[in-house]
Amino acid sequence: MIRNSIRNKLIVFLLAATILPISTSIVMTYYFTKQNITRETLQTNSNLIYQGKTNIINYLNGINQASLSVYNDIDFYEAIEAGAADYTSRNEIVRGLQSIANAVKDIQQVYLYIADTDKSYLWTQGNIFRNETSGPKFIPPVSRMEDVTLEPTHPSHLYGTSGFGPVPPAPAISLHRKVVSAVTMKNFGILSIDFNLNMLSSICEQLYKKGEEQLYILDKQGRVVYGPGPVGTRIDEPWVTHLLSLSEPSGSFETDSSEFKGIQMYERMTTPYMEWTLVKRIPYDRLYSNARQLTEINTLILIGFLVVVISATLYISFRFTAPIKKLIGYIGKIQSGNMQVDIHVKGNDEFGILANRFRIMMQTINNLITQEYKLELANKTNQLKALQAQINPHFLYNSLQSIGTLALQHDAPRIYSLLSSLAKMMRYSMNTSVAIVPFDSEVKHVRSYMELQMQRFEHQLTVEYDIDADTLQVPVPKMILQPIVENYFKHGFDSGQNAGKLLIASSVAEDGRMEVTVADNGKGMAEEELQRLKARLGSPSEHLQEEDSIGLINVVSRLRLYYNHEADMRIEHHKPYGVKVTILMPMHMKENGEL
């Protein structure tokens with residue numbers, strides 16, 4: 001369009017001279033703004049998650065400090081050392097558990113297991129639950145190599161008190177501490193503190209914007225301590241695997257996947273009793289939102305400026321090229337067949353002179369072709385009269401219907417059926433005003449044709465139809481199926497051999513096209529003959545001889561006419577013997593018969 005149009009060249013040149021400098025400026029501004037905003041965002045969020053890390057560690061240290069009261073409270077410690085053997089020591093244990101539960105607001109319950117006497121005590125909801133029987137006790141999971149273990153987020157433990165009304169299971173974090181002798185390092189038991197996520201959630205919610213960013217706390221196995229997903233579960237995603245493999249205590253990395261596109265910033269939280277990682281995930285959309293806003297402002301300014309420039313450009317271009325476009329419009333009308341166009345272009349410049357000379361030339365051409373047109377019209381009239389002198393096919397169709405009716409009157413329904421099939425075939429083939437039909441019409445036409453052939457060959461022929469209902473309403477060129485079937489009776493059917501069998505099928509192929517198959521068990525073709533036929537079918541349409549425009553050649557030519565290279569015909573041997581013809585063509589066609 002640009003190469004062949006002076007108007008478009010002029011418009012493009014003027015617009016390019018305006019748009020390119022401003023667009024380059026906007027792109028460069030956006031790029032540098034994006035870099036600066038990214039750097040500032042990373043710095044700001046790095047400081048933010050570092051402060052969040054500090055607050056979380058301080059909070060967990062408070063929980064840990066509460067667990068150390070088992071050593072700071074001498075009476076409590078001695079009661080544990082004594083194994084809660086008497087009434088006084090048991091009361092001290094209850095008091096000590098209550099003191100720990102009240103030390104931090106978020107502590108839900110405190111559990112103590114005494115190893116020597118195999119007793120357990122649970123303080124929850126202001127009540128104490130004792131298990132001093134010989135039955136099994138809940139032993140908290142504490143590593144032999146560690147004195148303190150922090151169990152990540154999980155449903156709160158029942159501690160073996162089912163039926164006594166403990167706290168309903170809810171997300172909680174447990175700190176388990178061994179109670180040992182400071183002198184002999186003997187293990188007296190295990191103290192467990194369950195605390196809820198209220199304070200942890202409060203700290204984390206200050207570190208990110210919900211709905212726009214994501215914040216996770218992961219343990220060293222990749223389980224979620226805090227995050228948008230189910231807590232306590234392991235995340236088996238590539239970004240988590242990469243995060244856990246990093247050796248630096250803090251940093252950032254980018255992810256570009258279908259699940260998330262953005263930057264992950266992390267801080268390791270390492271204490272003697274835990275190894276967690278605080279991760280903040282910032283999508284690119286959020287990260288570059290400010291840069292986009294600045295770019296949008298610049299774009300609005302550009303649009304306002306372009307409105308003025310484009311208006312001036314279009315005015316100049318249209319004013320300069322209007323006579324040329326007008327003359328091209330006249331030529332287009334002449335090309336479409338309207339030879340009586342009134343060519344009228346104002347002006348005394350070169351365009352006006354060109355239009356005047358063109359008008360005179362068209363008048364001369366019209367005078368020259370008038371005589372030839374009249375002669376051709378007379379010839380066509382004579383040809384039409386000659387055609388009308390032939391037998392009227394509609395008269396033949398009506399005569400067949402009359403004969404069929406007479407056959408019914410004489411109790412010959414089979415004759416009526418065959419005449420009806422022949423009449424349907426004639427009506428279908430005589431209707432030359434319709435070139436595109438539903439595939440269902442082609443199938444019905446072939447059924448009528450096969451009914452006549454079945455009568456002709458009686459028990460020597462069987463026909464099988466396997467038509468997919470999804471293909472019945474697909475528009476196809478008329479008369480593409482019957483010539484293929486007829487080809488079998490011309491070249492493949494042998495009444496002296498075994499009974500003939502013909503398969504006519506349609507389906508939707510894997511590539512979305514309709515697949516039509518005609519397969520027989522006839523005489524088949526020699527390999528050399530098959531290759532010659534394939535070569536003929538693969539030749540360009542203009543190289544096909546006129547005498548070849550029948551049967552398969554005719555079908556191939558019309559498929560190319562309507563579908564170009566979107567349709568295909570394949571011919572191959574049909575095992576154990578016979579020929580198989582397959583047509584592949586698109587499922588849709590425009591109203592004018594084009595794809």
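Every number here is computed from the coordinates shown, using simple stated rules; none is lab data. Computed from a predicted model, the values in this text were never measured in an experiment. Positions of Cβ are backbone-derived with ideal geometry, glycine not excepted, and every protein chain shown enters the neighbour counts.
A few comments on the model shown:
- Fully extending the segment from Val341 to Asn8, taken as 0.36 nm per residue of separation minus the present Cα-Cα distance, adds 117.3 nm.
- Counting neighbouring Cβ atoms within 10 Å and putting the fewest first, the residues Asp511, Asp106 line up as Asp511, Asp106.
- 22 Å Cα-Cα threshold exceeded, pairs from Lys9/Lys333; Lys137/Lys186; Lys105/Lys280: Lys9/Lys333; Lys105/Lys280
- Under 19 Å of direct C-alpha separation, and excluding same-chain neighbours fewer than eight residues apart, Lys424 reaches these aspartates and glutamates: Asp440, Glu442, Glu451, Glu486.
- In nm, spacing of pseudo-spin labels at Glu254 and Ala509 (7 Å Cα→C-beta vector): 4.3 nm
- When the Cα positions of Thr184, Ser89, Ala172 are compared along the charge dipole of the range 68-193, Ala172 comes out farthest toward the positive end, with charges on each C-beta of Lys, Arg, Asp and Glu.
- All aspartates and glutamates inside 12 Å of Lys501 as judged from Cα atoms, apart from same-chain residues fewer than 8 positions distant: Glu464, Asp520
- Per-selection Kirkwood Rh - the range 26-158 (Cα, Å, 1 d.p.): 18.2 Å
- Mean projection area, nm², convex hull over Cα of the range 208-287: 5.3 nm²
- Packing, taken as the mean count of other beta carbons within 10 Å per residue, orders the peptides 67-79, 454-466 from highest to lowest as 67-79, 454-466.
- Centroid-to-centroid, using Cα positions, the range 425-474 and the range 201-246 are 66 Å apart.
- Counted by neighbouring Cβ atoms within 10 Å, the residues Ile301, Ile467 run from fewest to most as Ile301, Ile467.
- Among 130-137, 253-260, the order from most to least packed when residues are scored by Cβ within 10 Å on average: 130-137, 253-260
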